[in-house]
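Remarks on the structure that follows.
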């Protein structure tokens, strides 16, 4: 099947197998390998991207479902000169990542969370990130990073 | 020599851009909360995970796995798979029998240890669900996965061996029928006085026994394992990319297993997304990808799915612990007796039998006692092999001692912290030789505990607990303590030798000063998320007096950092970091000779501080270390006989382990109507010696806490009676999310280690080791009015609810509630 998607602002048409997952389309067809696969049950959130601005787990979306739509991945977040997006900058400042494998998905989930709720409480951040696993940080500094990115002072 | 290589050219450039070279060292690098150098690429997704690697002509490997825990393999027909689109090759275990070798176990803990063959693909018999039986090689990963379904395997089912005690019973079905037993080894150990005699000499001794279960855990780093092998067939030469913690060890082992020359194998651990011990191994797929790449002369990639990870990557823990502690009626410890059964799984992986042995030294923990008796039997079962998982033996030991100290306190009607204080090593008693033979170099348990109690507000929480108990509130409060220590920084090579481990415990470092004054550091310690590049830069910057930004760290490639023992056992800083520190010393030593020569001063008169060499008494005569580096590169004017360039190489073998410690306090709220446990407050004060980077240290503690709490409350690998893993995906195996974990209140005290020049101790496993008993002690403390004196992990709502209900009705609390615990008739009895 043909699929035309705009990924991080770049539109392209590709011929894909019907069953190709969006995450594999991004990684193997578009060569955008920031988005990771961490599980096979839509549990871990490592593959989280934005589809028309809404966060989705790209291991549970077919590439063809993204036809005519816009996909945003972590590759498109920082400015061309390397200036980090506020969420990325807060992750760095608050040490919200260790191995970094969950980070692209986690960062995109946080971008989406803050879009929906620009000044979340700690509780709302924890609930909002329930679908994104991190095995390194214990989430403590991720939660702080989201609060910092929202302009709040974490305790 | 090209113009660019000419020192004169470099010198001119430097003269034009002095700021590029002579940035002064601002000082204060050690102990500074530097943000990590690693983060820029990780945050922007410019990461080189093994699965991100693509190569021309790359083929994908998939593995057909046994659906049965134990079966004879009657036949494997891969030919239908070869008819599938995109398939290049398919092999059964029999097809590869001559080339696949046997996976290594480097830790034969006793000379008599039963050590079965472990072929990467099973040939005649499969012994756990997930044991590989065939591989398919195809043009893409979808085709490789599809073709597995075409392979026809005939099995004859054999009895599963799931329960360790049943496995050791007379007439039990055997995992390895040719071995005649399911017992892998028995390892006895004792320290101090004889345990039985000690008890006989104290007829009034209070003796408490418990049986604790260390449930099986699934390590679950976020990055699944992956391997890519790129062959140069004509040269029989291979580059192996693997998501591994141990590129150096893997290289040696791949050579030994396959017979390929070690010098013909280059192993690269690119960016590695967490390991927690499970990537400290030599896996079937690494060998299979290598032998298939060799057969086909094509690059091969294999990446596990999460379900495969749960079947085919090692599991952690899995012990039955029978613990007995004896004390005088006044609470002074007399002795400890530990009897373990440790589940090996179906085969021995790299250090499988050694994991419980590492724990043997830690059961006495921080407590003084006269007698210690330990024995461990390793048991084969038809389950995935176990091996090192964060803490590897020490969490199990710490759990047992910290749990039984609470039980002893309850038996004696004592406050559990007071009982600990009565028995722990006082800070003025260090160094202290423990009953298990280790010499703890330093510690201050009093200081850590005092700070933790202050942060926790123990008095207020105890008061609230008493109120809730008095009014029989449906939500009860429990308080748990863990005053832990651990041994880390594996390890003095002579100690490993005495424990029959197959290698040393040293670590290597190289430092190269570049002509422009920048510094390249290579380290054999291989990171997988910790922040080595940042911490090593701080150590080097501080020692050489160069800016942090001027240091580049290179790791994870046996070509560029050829010597190493890799990363595990909280060893990187205390062994690898010290190696780097020592290597800087050699650089300074050589640079000082050059500086003395150039400044025409006696070497003894040259002093080095903050990156500058000066001559005593002539402050105007000075050279920066960058200027000296350039001079050694130009080599126009060096002391007679000196080799050009400024670099060094150091291999450090530690003299002792390091012994971090700390006090962890946990308050839980338990809803007695649902059995649900919620952590209300978690406070920990860790003492990990001198700190290089407090931000990284705190992050390590946080992550460790999450994994330790997860063992206490959430995670368990469950097998059914047929040996099927019924928690085989992330849907069924409960990895805690942000919503499940609390805010962590962390504090620290700093008691420098006296066994290394940086004064540092390990930190990677501390949080995991300490936190599990703190949480379970809190749960049991909350339930003690109901006579509960133990609860199996994880303390799920169901387990908690069942512990306090009879026939669906909440029992009436009984037992006299004393401060911190209750005395009940059952406290000296067996398991709950």
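A short reminder: the numbers here are calculations on the coordinates, not readings from a lab. All values derive from a computational prediction rather than experimental measurement. FYI the Cβ positions are ideal-geometry reconstructions off the backbone, even for glycines, and counts take in every protein chain you see.
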Apply the a/c threshold of 1.5 to the C-alpha gyration tensor of the stretch A:2-73 and tell me whether it is rounded, prolate or oblate. prolate
Between the stretch A:121-155 and the stretch B:756-794, how many Å separate their Cα centres? 25
Under 11 Å by backbone N from the virtual spin label 7 Å along Cα-to-Cβ at residue B:798, the residues of the stretch B:113-132 are none
For n ≥ 4 DSSP H runs only, could you compute -39500 (n - 2.57) per run for the protein assembly as shown, divide by its residues and tell me the 222 nm figure to the nearest 500? -8000 deg cm²/dmol
Starting from the Kirkwood radius over alpha-carbon pairs of the stretch A:86-149, derive D by Stokes-Einstein at 4 °C in a medium of 1.567 mPa s and give it in µm² s⁻¹. 116
What does the C-alpha gyration tensor say about the overall shape of the stretch B:435-526? Classify as rounded when a/c is under 1.5, otherwise prolate if a/b is larger than b/c, or oblate. prolate
Hey, what's the per residue convex hull volume over the C-alpha atoms of the stretch B:702-796, in cubic angstrom? 176
Chain B, relative contact order in percent, only Cα pairs under 8 angstrom and at least six apart counted: 16
Given a Förster distance of 56 angstrom, what is the FRET efficiency for residue B:754 paired with residue B:40, based on the Cβ-Cβ distance and rounded to 0.05? 0.90
Express in whole angstrom the spacing between the alpha-carbon centres of the stretch B:183-262 and the stretch B:465-536. 16
Along the principal axes of its C-alpha atoms, what lengths does the stretch B:594-637 span, in descending order and rounded to whole Å? 28, 20, 16
So what's chain B giving for Cα Rg divided by 2.2 N^0.38 Å, two decimals? 1.01
Counted neighbours (other Cβ, 10 Å), sorted fewest up, put B:158, A:113 in the order B:158, A:113
Given 0.36 nm per residue, what is the gain on full extension from residue B:177 to residue B:457 after removing their alpha carbon distance, in nm? 95.0 nm
When only alpha-carbon atoms are used, what values of Rg and Dmax, in angstrom, describe the protein assembly as shown? 28.9, 91
For residue B:516 and residue B:678, extending 7 Å from Cα along the Cα-Cβ vector and measuring point to point gives, in nm, a value of 5.7
Residue order, fewest to most surrounding Cβ atoms within 10 angstrom, among A:61, B:355: A:61, B:355
Can you give me the distance in nm between label points at residue B:194 and residue B:339, each placed 7 Å from the Cα along the Cα-to-Cβ direction? 1.8
Evaluate the relative contact order of chain A (contact order divided by residue number), counting alpha-carbon pairs under 8 angstrom at least 6 apart; express in whole percent. 24
Mean projected area in nm² (Cα convex hull; one quarter of hull surface) for the stretch B:343-450: 8.2
The stretch B:450-601: antiparallel bridges as % of DSSP beta bridges, rounded to 5, reads 55
Fewest Cβ neighbours within 10 Å first, please rank B:318, A:52, B:370 accordingly. A:52, B:370, B:318
Rounded to whole Å, √(5λ) for the Cα gyration tensor eigenvalues of the stretch B:458-581, largest first, gives 45, 22, 12
Subtracting the Cα-Cα distance of residue B:731 and residue B:600 from 0.36 nm times their residue separation yields 40.0 nm
Over the stretch B:308-461, calculate the relative contact order: mean separation of alpha carbon pairs under 8 Å at least 6 apart, over the residue count, as a percent. 25
Yeah, chain A with a ≥ b ≥ c from its alpha-carbon gyration tensor (a/c under 1.5 is rounded, else prolate when a/b outruns b/c, oblate otherwise) is prolate
On full extension of the chain, what length is gained from residue B:470 through residue B:635, given 0.36 nm per residue of separation minus the C-alpha to C-alpha distance? 51.2 nm
